[in-house]
Amino acid sequence: MSPSVHVCQAGSCRRNGSEAVLLEIEELTNALDGECKVKGSGCLGLCSRGPAAVSVTEGREQRSHVNLDSLEASANVVETATGTKPRLDDPGLLTRLSGVRAMRMREQAISQYRWNGALNSILDEVQDKAKRGKSSGDLERLLAEVLVKSGFKNPPFDTMPSKIEDYTQWTLEDVTKLTRHSAVFHFKSNDRKRGTPNPRGGGRSPPKPKTWHTTLLGEVGKNEEGPLPWVERDYTPISGALEWERGTCDILIKIYKDGAATSWLHRVLTTWEASGRPEAGLKVWLSKPVLTLSVPYLVSGDAASFSPASVLLLLAGTGIVAMPQVLHHRDPYGKIGISVPKRHQLHVPVDMVFSCRADDVLMLDEITERCKEASEYANNEPKPPQINKGLRNCTLLLTDAKASAENSPFPNVTCSANDLNDLKSLPNAEVLESRLSLEIVRGALAKMPEPCRVVVSGPSAFNQAARNMLLEERVSDEAITILEA
Ligand code: FES
């Protein structure tokens, strides 16, 4: 078998320049004698350390590579796969490849309204060109354009602007604290510029069904992610597209002590609550909706190798937000407000394995409801060939709770064992005190009609472990979609 390299082309790796890493690795391998296959891949479960890749040697030895943020790092991947060190002594090649990397990163940032990330990349390249005595006329123009989009004309960038292109301000209406660490933030907006996940009318072709996300700006002031006074974080709302169009949006957020955006949100929430939740409300900026996965294939972009006959959700922690977004497509007219041809509706069995800490069980009521929908349907129609409502089967995996509530944002919120009784009583649900294991994955896969799309979403370590288990069970890479959570 010839050696190969698989470079992640999904989510955060793409934002960090993985298209350019792919190109670099292709160029470096082309210059070597001997064959080495280089391919783009779906998420490898290493999202927080992207751009990421996996090298496979002639002897089938696999190795993960992370933080591929330089040409030297890409060369190291090639050397691991092929055993030959690529030459990096052609200054023309080095300059061209670093230019491509910067260009891809800023294109990606601009296409997703990440103005801080885009400016960061542009400013880095302007500086780099200045060092090399090169003119950066085009970049200066782009810099000015992106600055206008971000609501600024010139520095200083120390206060929030009144207008930001492709963003609108949403008012916090309420907060439902679910656990000691997580809450659902209920936002409202009357601004029509908020857009819609499904633009229609005006001679457009009918909208394609999709899952989607929005970017929240954490107004943290000066930060390392770019020159603007905010950090950009993607969230998948748990409310539907139709609700967005009606001006409401619910976002499940886990507050991390060290998270720049979430600790900012917690600070302003605390102040807002302490001052008696004033009418004027707490405001946050949310971007227009951005495509995450196309439906029914559940892959990023339009390219799909198959239409699934079943969907298995392997979720952990806040990755649970994928569940409502996927299930909304069982009722596109009611939940999304668009009519979708039958072949694009998600009328296939959907099972879920959800892993969470025993003190951080998220969306328990919704999980129970979705299981009930399917079990009621099964009672009315014994053994239907396809169950097209709710969750056909659900396994809730409880891992150890954190010993103390210290440093919890909501220390007084509890989730008791009794809350689980409703779920436990359902014939299509089980609750286990266990981590995700190969046996659990194997058992879940055995129930899925083929071809099955497996959607994995959770923290990086969970995603990587789940992917490895799926590969061990001979699920093909093409059937696995991994989302960051
Ligand atoms: S490893 Fe690349 S986005 Fe997950």
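The values are calculated or read from the model by the stated rules, or taken from the named source; none is laboratory data. Owing to the predicted nature of the structure, the values given are computational and were not obtained by experimental measurement. As a convention, Cβ positions derive from the backbone with ideal geometry for all residues, glycine included, and neighbour counts pool all protein chains shown. These accessible areas exclude ligands, DNA and RNA; they are computed on the full protein's heavy atoms, side chains included. Shrake-Rupley method; radii C 1.70, N 1.55, O 1.52, S 1.80 Å.
Filter region 286-306 down to the residues that are among the hydrophobic types (A, V, I, L, M, F, W, C) and surrounded by 20 or more Cβ atoms within 10 Å (Cβ to Cβ), then identify the one that is farthest from GLN345 (Cα to Cα).
Checked region 286-306; the qualifying residue farthest from GLN345 (Cα to Cα) is LEU286.
Please enumerate the residues belonging to region 434-458 that are outside any helix (DSSP H, G or I) and either surrounded by fewer than 18 Cβ atoms within 10 Å (Cβ to Cβ) or not assigned by TED's automatic domain parsing to the domain that holds ARG357 (or both).
Within region 434-458, SER434, ARG435, SER437, LYS447, PRO449, GLU450, PRO451 meet the criteria.
Confirm whether ARG267 is among the basic types (Lys, Arg), surrounded by fewer than 17 Cβ atoms within 10 Å (Cβ to Cβ) and under 21 Å from HIS213 (Cβ atoms).
Taking the combined requirement at face value, the residue does not satisfy it.
Return yes when TRP212 is within 20 Å of GLU484 (Cβ to Cβ), of a type in the set (Phe, Trp, Tyr) and surrounded by 16 or more Cβ atoms within 10 Å (Cβ to Cβ) and no when it is not.
yes
Give me the residue from region 459-485 that is of a type outside the set (A, V, I, L, M) and not in a helix (DSSP H, G or I) and, out of that set, nearest to the ligand (Cβ to nearest atom).
Top of the filtered list is GLU484.
Just checking, does region 80-89 include any residue being within 24 Å of the chain's Cα centre (by Cα), open to solvent by 20 Å² or more (accessible area, probe 1.4 Å) and either near the ligand (Cβ under 10 Å from one of its atoms) or aliphatic (A, V, I, L, M) (or both)?
Checked against the condition, which is being within 24 Å of the chain's Cα centre (by Cα), open to solvent by 20 Å² or more (accessible area, probe 1.4 Å) and either near the ligand (Cβ under 10 Å from one of its atoms) or aliphatic (A, V, I, L, M) (or both), region 80-89 yields no hits at all.
Got a sec? Which strands (runs of 3 or more DSSP E) wholly within region 260-347 have at least 2 residues that are under 28 Å from ASP166 (Cβ atoms)?
Filter on region 260-347 gives 282-287, 290-294.
For region 52-74, state whether one or more residues are open to solvent by less than 10 Å² (accessible area, probe 1.4 Å) and either more than 16 Å from the ligand (Cβ to nearest atom) or in a helix (DSSP H, G or I) (or both).
Yes; the residues of region 52-74 include at least one that is open to solvent by less than 10 Å² (accessible area, probe 1.4 Å) and either more than 16 Å from the ligand (Cβ to nearest atom) or in a helix (DSSP H, G or I) (or both).
Pick from ARG194, ARG200: which is more than 23 Å from GLY259 (Cα to Cα) and open to solvent by less than 30 Å² (accessible area, probe 1.4 Å)?
ARG194
Within region 1-47, restricting attention to residues that are outside any loop (DSSP other than H, G, I, E, B) and within 8 Å of the ligand (Cβ to nearest atom), which residue is nearest to LEU291 (Cα to Cα)?
Residue satisfying both the conditions and the ranking: GLY11.
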